[in-house]
Amino acid sequence: MTGPITTHRHGSILVIVSDNPPVNALSAAVRQGIESAVKEGVVDDTVHAMVIRCDGRTFFAGADITEFGKPMAEPALPMLVDMIEAADKPIIAAIHGTALGGGCEVALACHYRIAVPSAKLGFPEVRLGLVPGAGGTQRAPRLAGVSLALEMTAKGDPIPARRALDAGLIDQIADEESLEADAISFAQKVIGKPLPRASQKTAAADPAAVEAFRKANARRFRGFEAPEANIACVVKATEVPYEEGVQFERQQFMKLVMGVQSAAQRHIFFAERKASKIDGVPEDITLRPINKVGVIGAGTMGGGISMNFLSSGIPVTIVEMAQEALDRGAGIIRKNYEATAAKGRLTPDQVEKAMSLLTPTLDFNALADCDLVIEAVYENMDVKKEVFTRLDGIVKPGAILASNTSYLDINEIAAVTKRPQDVLGMHFFSPANVMKLLEVVRGDKTAGDVLATVMALAKKIRKVAVVAGVCYGFIGNRMLMPRQVEAMKLLMEGATPEQIDRVHVEFGMPMGPFQMSDLAGVDIGWHRDPTRIENIRDALAAEKRWGQKTKAGWYDYDDKRNPSPSPRVAEIIDEFRKRTGAAQHAVTDQEIVERTLYPMVNEGAKILAEGKAQRASDIDVVWIYGYGWPAYRGGPMFWADTEGLKKIVAGLEKHGFDVGPLLKEKAEKGERFTS
Ligand code: T1G
């Protein structure tokens, strides 16, 4: 046999091995190889059982996503899994790594499954806007019940091997070091026994569990089509025989795979992986070792940033100016860990382990032997320059010096040091221990190995990192500004904060510009002079309407932080409309989309044209992981392509925006930003 599938014999056991790096995706060649190997085993009388396993880092991690949208080569996966299950000799799946999607479906079609303890099984298709398309929604509930099947398919979270064993999804835990041998001895034990076939089992209906599941996840599933389709498939499994159930599943799969949402989510899947590639830096460049990290500033950002490293086992020295601030900062870190432990997501030992890696100090010199120092002090250029001047004099050569600035010029900061090649931006998003996005800001002199080291480190601390060039606000905040500016103008012309926020929430954002301002703090960046009222925001701030924290901002808030429209804010807006004589008109929802979202696309195109983002898909990753842009819309640049660039240019011109040349050119040529 040639290609990714090979076979070898162990007595009467035929071992079928896949070796299709990097993740044994079930490409056409893999499917064809498995099909002929199983057929060979079935017709060979000397074969009494078969084992399917994979070489490399993982069992089949699913269908080959790059084949979607193209003509499907035979055998299609549904036919292959049914053929495996129909075999009249026991077939054992030997699982390591992550048996995901189609890979999990192959395993569930086998008569038996064994897995090493570190293995995971899952159906992440919903994250691609899909349902499992090869019987997964029909076999999983028959083997493990409706509740677990709902969790695995509609939420997409993989489960560990031990839980799969307890749930009846697998039959045995194998030894990490002897998976094949364990599978062969398992096979020898089941030869001649009646073959269990998942599709022939029944799945007990559980309408109460289904309703409870829908209710518990309503917020998480909002706007997505695939979760409800997964639920419908699992429910179908409790109502009809397997053959009918897989037809229903197939219909759902075909409808979704042709849809915009799945195209958007598949775009993000590959965009996230592409983002880690750095233009002009070889993938095999030698990285600098990062074994000790320093953080300057124990405030909200400094504390959150430190937790990322502590949680990944990297010691952190955190520096503050005053003991009280230091104690408060370290205290908040411990409180956050204990809160996570209280929810059962960490053990007390893990809390103590993380805290044992933290060294709070007032001594700046303690940073001397750090491999990476991240500055998270007050957002002021002079303060930043003073800190970097001190760092330059103290920290060992070869260390990386990073600023967590959200806007400021990294080149200007780097220029105060004698080592600008070792300086870059690491822009975390608040709360920094939760938000997945990290904008890695590449200065003009930042060395390739410094950039590559930080991008690799980001993966280690479970961040999704995107390279941004130096410009005001980098990628995300720079695109946010035109949205905020237009939102304020729309207020003056007749819209209300509630209307503008509703349009954004209906679009799929977690919140609108004004709810966001209330969460972050209306007083952020305010000049703090209550007598100086130059705009609506000044007026709110002067009245201590600083947002949720003062229970009043653009909205009024009750004790549970539920927002309600504020008559006082309506009054203030009215006063400013009169004071400025702004022309009023009935603002439509479509106008709000055209004037708040289209300018973001325009700004994104300018960022791309200036080379401040490596690729359009990076911009999409920034907005998905940093600003809650709905994944089923694929990010601003992908969305622009689906909306139609001509339509966006027309909308921008209608409202008098200066359309960037790249956007105009692509619209004229009928091109797209994303592939
Ligand atoms: N198809 C094609 N390429 C894939 C792939 C896949 N399923 N999974 C990963 N890759 C590529 C990826 O683009 C990257 O490429 C490289 O492999 C390493 O990936 C019918 C319809 C397995 C947990 O959704 O979640 O089955 O960037 O960087 O961090 O029901 O990859 O190097 O060029 O992510 O170690 C369902 C998707 C498919 C799983 C490993 N399966 N993969 O994570 O490596 S739909 C999935 C992952 C399906 C059936 C349905 C992760 C991973 P490059 P990586 P990693």
_Karplus 3J(HN,Hα) series, Hz, for the stretch 642-649 with 6.51 cos²θ - 1.76 cosθ + 1.60 (x for Gly, Pro)_ = 6, 5, x, 5, 4, 5, 5, 4
*What list of ³J(HN,Hα) couplings, whole Hz, do you get for the stretch 392-402 from phi and the Karplus terms 6.51, -1.76, 1.60, once you set θ to phi - 60° and write x for glycine and proline?*
4, x, 10, 6, 4, x, x, 6, 9, 10, 10
*Please report, in Å, the Rg and the Dmax of the stretch 1-68, where both are computed over Cα atoms only.*
12.2, 39
*How much of the calculated P(r) for the stretch 1-129 lies past 21 Å, in percent of all Cα pairs?*
33 percent
*Given the peptides 364-373, 402-411, 577-586, 148-157, arrange them by the average over their residues of other C-beta atoms within 10 Å, most packed first.*
148-157, 402-411, 364-373, 577-586
*Placed amide H near ILE400: partners under 5 Å, 5+ positions off or other chain*: LEU372, VAL373
_Can you work out the Karplus-derived ³J(HN,Hα) for every residue in the stretch 46-62? Use 6.51 cos²θ - 1.76 cosθ + 1.60 with θ = phi - 60°, whole Hz, and x for glycine or proline._
7, 8, 9, 6, 10, 10, 10, 9, 10, 8, x, 7, 7, 4, 3, 9, x
*asked:* Compute and list, largest first, the equivalent-ellipsoid semi-axes of the stretch 273-389 from the alpha carbon gyration tensor, each √(5λ) rounded to a whole angstrom.
replied: 25, 22, 13
*Taking the Cα atoms of the chain, what is the range of coordinates along each of the three principal axes, in descending order and whole Å?*
91, 60, 52
*Report, by chain and number, residues whose modeled amide H sits under 5 Å from the one on ASP556, excluding near sequence neighbours (fewer than 5 apart, same chain).*
SER564, SER566
*Please state the equivalent ellipsoid semi-axes for the stretch 410-456: what are the square roots of 5 times the Cα gyration tensor eigenvalues, largest first, in whole Å?*
22, 12, 7
*What are the residues whose amide H is under 5 Å from the amide H of VAL441, where those residues sit 5 or more places off or on another chain and H is modelled from the backbone?*
GLY425, MET426, HIS427, ALA468
*Give me the distance between the Cα centres of the stretch 207-224 and the stretch 9-48, rounded to whole Å.*
39 Å
_Rounded to the nearest 20 debye, what is the charge dipole size of the chain about its Cα centre when +1 sits on each Lys and Arg Cβ and -1 on each Asp and Glu Cβ?_
420 debye
*Per q in 0.20 1/Å, what log10 I(q)/I(0) does a Debye calculation on the alpha-carbon atoms of the stretch 284-330 return?*
-0.64
*Express in nm, to one decimal, how much length is gained between ASN291 and ARG197 on full extension, taking 0.36 nm for each residue of separation and deducting their alpha carbon distance.*
28.8 nm
*Looking at the chain, what % of its DSSP beta bridges pair antiparallel, to the nearest 5?*
30 percent
_Descending principal axes extents, the stretch 242-291, alpha-carbon based, whole Å_ = 56, 24, 17
_Descending Cα extents along the principal axes, the stretch 127-201, whole Å_ = 39, 30, 21
_For a label point 7 Å along the Cα-to-beta-carbon line of GLU176, residues of the stretch 79-107 with backbone N under 18 Å_ = 95-99
*Return the ratio Rg/(2.2 N^0.38 Å) for the stretch 160-212, where Rg is computed over Cα atoms only.*
1.55
_Tell me the volume per residue, in Å³, of the convex hull enclosing the alpha carbons of the stretch 540-675._
162 Å³
*Please give the net charge around ALA209, taking every other residue with its beta carbon less than 13 angstrom from that of ALA209, where Lys and Arg add +1 and Asp and Glu add -1.*
-1
*Roughly what % antiparallel, to the nearest 5, for the DSSP beta bridges in the stretch 43-161?*
15 percent
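Quick note: the coordinates plus some simple rules give every number you see, no bench work behind them. All figures in this text were calculated on a predicted structure; none of them were measured in a lab. Counting neighbours? That spans all protein chains shown, and the Cβs are built from the backbone with ideal geometry, glycine included.
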